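The values are calculated or read from the model by the stated rules, or taken from the named source; none is laboratory data. Keep in mind that this is a model prediction, so the values were computed, not measured. Cβ placement follows ideal geometry from the backbone for every residue including glycine, while neighbour counts extend to all protein chains displayed. Each accessible area value is taken on the protein alone, full model and side chains, heavy atoms only, with ligands, DNA and RNA left out. Shrake-Rupley method; radii C 1.70, N 1.55, O 1.52, S 1.80 Å.
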There are 2 protein chains.
Amino acid sequence: MTQSQQGEPKRHRSRRSAKQKMRLADVARRAGVSEATASRAINRPELVRPEVRERVARAIQELSYVAHGAARALASDRTHSIGLIVPTLRTAVFAESAEILQQALNRSGYHLIIASSEYDKAREYHEVRALLQHGIDGMVLVGQDHAPELWQLLERSGLPFVTAFQYAGESSYPCIGVDNRQEFYDATRFLINLGHTNIGVLTAETAGNERLAARVAGARDCIGDHGLPKPDVVEVPSTLTDARQGLRRLVERNAHITAVACTNDLMAFGALAECRTLGIDVPGQLSVIGFDDLDIAEHTQPSLTTVRLPLAEQSRRVGEYLLARIEGRDAPSSTRLKASFIVRESTGRPPEPARATVQRSSADAGPLQTPSSKRRARSAAE
Amino acid sequence: MTQSQQGEPKRHRSRRSAKQKMRLADVARRAGVSEATASRAINRPELVRPEVRERVARAIQELSYVAHGAARALASDRTHSIGLIVPTLRTAVFAESAEILQQALNRSGYHLIIASSEYDKAREYHEVRALLQHGIDGMVLVGQDHAPELWQLLERSGLPFVTAFQYAGESSYPCIGVDNRQEFYDATRFLINLGHTNIGVLTAETAGNERLAARVAGARDCIGDHGLPKPDVVEVPSTLTDARQGLRRLVERNAHITAVACTNDLMAFGALAECRTLGIDVPGQLSVIGFDDLDIAEHTQPSLTTVRLPLAEQSRRVGEYLLARIEGRDAPSSTRLKASFIVRESTGRPPEPARATVQRSSADAGPLQTPSSKRRARSAAE
DNA sequence: CAAACATATGAAAGCGTTTGCATTACAAAA
DNA sequence: TTTTGTAATGCAAACGCTTTCATATGTTTG
């Protein structure tokens, strides 16, 4: 606790407050070594004799020394922070992913700096600029639909980066995520296998949201591939109120509709709520599926059949990828993750006997998995 | 596009990649001024002749110069980043606040670095340390219930900081938020004013969550102040499934219970869901209130009477406070925000005529406000 | 017209680390 | 012994900016 201030060079700008912050020089002096050795004791302990290492550690402890991040970053060219740009944190899926990623990075001594673009490409570009300027060692983006200048900036900067939440193929920029088109294709097939032939699609705005757009495409493709008529696709703003309206529009315009594929759980909740209001029995008269498996999905009335994203795995892999790249190792640039399909109560056979050509079994409907959900799936309208 | 590399001092460490990053010196040379002037043109434009300012701006543009954050931070002792530590981003209220704060700070040229503590004090302490080391200009914490070492560290560092989500009085550390005790006191009074005399409390774990604890206290106090018997308080883990169990326990243990005050919307949703399962009519047989006003609150069946937090205002004020402190201005250290009470369908008069002493009018029940909610409140069991 | 002042600029000293290179200390080999 | 090699340390030069201080250039003013 007794550090004599002797010998300290006068500070040329007197900005330090009364409580002088300890610097590496203080630690070094106390441990009786040079700054270089003190630095090495911290960063490359294997280069320093155990006894010295020990002394430095003690000095750090006693002086409650905290390294100066900026100085360190300047000298070492490593900021130990990673940037993440999500469309919004208000979406549970992004918030949760951010949280998991942050935890994962923390464990490796990295920090997460989060920015949100509000689904606005120009804004996103500026966020990237700002992050680049702030200084980051790596960056995570959502999807691959970004302003060209953004890509250019990113490539020029030479910064390691990945995109997440959408598998974009081998030949794209590095990406880690599920194939939204395929996953929703499979989900839609589940409905078809149940016997549905008149399926509507309810989606939030797809402009600027490639994930949603891919899901819609998946549903369309699946329905087309099974020789069914083109589905009615209703696109609404991303609120529950709009989702309810969307459901109403869907059932009003399509008298014989028996299933609605919603591109996310929010839409599905809206649909469920509106069905309740309209007196439509789910799944008796109408089957509903969602996408995301939000916490409430299990507790709605009826509970929601939906697609669960492997968020934890995605975040973990994103972290691993980035750290590998930062450390100069290379890593598989494209990873395709698989979602799981969660069958709950909101889906069943259509009310009228199905047309004929369609197969009955619901067993082979894509990559099914029965989750640790209390309420079990049912395969027919009870 | 043509910059000659002549005159450049040889780099003593050859870490720069092929694509040489532009430095301030490059900009200065191109603009025909000294580095000092270039720097000023960027940071204190008013000190530089407009014409020169213009030339520097053009040089920056042409070279697509991006300032080096770490160097800047080292020289100026400003990182332009703010740390935020929340218990978890999985809670919508925190995620939303983080988002709003981040946006607000961005507008002022600051970045938000988010960390989460998972409601663990030790972990939180380490996050603070890590943020301090990384270098931040200010810090936001949730509530005032933190490890003593954390406070100590924070005070020693001299870093500007605020706590949010709970008003802790004038004499506390700087805080900006609502008074959770009072707000829930008022909410409970609303129930009492409706005629309820047997009110249960359902809460998620209060250990390490002073906001929840304060709300429970508010309910207890209110019930006590009205001469009613001590309420049954059920505390469960913070999941919907547990909330449902909690509701069941509450109604099983208290045959005459007519209202349940839930300390957050999650608990309330669970309660509502379980009531549906148990065939309990809400609000016919049981009234339910929540806290937070999550998006779905308006769309549950029945819609949920709850308390809405002024998140946007809170985040805005937090940002303002911090920036003021960083710039050396001082700011009111404690700000008490008011929540709004949102009356929806989940509350009504108790089924049996109330005991007598309790007043009938629901009009003077605290700081009521009728929100822009489509569905209007109703004051009695229809 | 000189004095007094304001305004713009540049030179250079840091900011607190890391790290290339040189040096020292010591053990193993000759 | 002396040589050679290796492991541990120190010196001092960056890292890329900001900012103090001094200087130069105008602009008023008495």
Does the range A:77-91 contain any residue that is within 12 Å of DNA strand D (Cβ to nearest atom), more than 26 Å from A:Leu266 (Cβ to Cβ) and surrounded by fewer than 18 Cβ atoms within 10 Å (Cβ to Cβ)? yes
Out of everything in the range A:50-65 that is surrounded by fewer than 19 Cβ atoms within 10 Å (Cβ to Cβ) and of a type in the set (A, V, I, L, M, F, W, C), what residue ends up being farthest from DNA strand D (Cβ to nearest atom)? A:Leu63
Yes or no: A:Ala70 within 16 Å of DNA strand D (Cβ to nearest atom), under 30 Å from A:Lys21 (Cβ atoms) and crowded, with 18+ Cβ neighbours inside 10 Å? yes
Among A:Ala104, A:Ala95, A:Ala59, which is assigned to a helix (DSSP H, G or I), modelled with pLDDT of 95 or more and facing chain B (nearest Cβ under 7 Å)? A:Ala95
Note: among B:His126, B:His111, just one is under 38 Å from the mean Cα position of the chain (by Cα) and open to solvent by 60 Å² or more (accessible area, probe 1.4 Å), namely B:His126
Identify, from the list A:Val140, A:Val201, the residue that is crowded, with 18+ Cβ neighbours inside 10 Å, touching a Ser or Thr at 6+ places or on another chain (Cβ under 9 Å) and more than 30 Å from A:Leu272 (Cβ to Cβ). A:Val140
Residues located in the range A:50-67, provided they are of a type in the set (Ser, Thr, Tyr) and within 11 Å of DNA strand C (Cβ to nearest atom): A:Tyr65
Pair list, Cβ < 9 Å and 6+ apart or interchain, from the range A:148-161 residues that are away from every other protein chain (no Cβ under 13 Å) to residues that are open to solvent by 30 Å² or more (accessible area, probe 1.4 Å): A:Leu150/A:Lys121; A:Leu150/A:Tyr125; A:Leu150/A:Arg129; A:Trp151/A:Gln144; A:Trp151/A:Tyr173; A:Phe161/A:Tyr173; A:Phe161/A:Arg325
Would you pick out the residues in the range B:271-302 that are touching a Cys at 6+ places or on another chain (Cβ under 8 Å) and within 12 Å of another protein chain (Cβ to nearest Cβ)? B:Ala271
In the range A:78-91, what count of residues is obtained for those that are within 8 Å of another protein chain (Cβ to nearest Cβ) and either near DNA strand C (Cβ under 7 Å from one of its atoms) or of a type in the set (A, V, I, L, M, F, W, C) (or both)? 1
Output the residues belonging to the range A:30-39 that are near DNA strand D (Cβ under 8 Å from one of its atoms) and either open to solvent by 50 Å² or more (accessible area, probe 1.4 Å) or outside any helix (DSSP H, G or I) (or both). A:Gly32, A:Val33, A:Ser34, A:Glu35
Qualifying residue in the range A:249-269 (condition: more than 20 Å from A:Arg215 (Cα to Cα) and surrounded by 23 or more Cβ atoms within 10 Å (Cβ to Cβ)): no
Just the residues that are part of a helix (DSSP H, G or I), near DNA strand C (Cβ under 8 Å from one of its atoms) and surrounded by fewer than 20 Cβ atoms within 10 Å (Cβ to Cβ), please, taken from the range B:40-49. B:Arg40, B:Glu46, B:Leu47
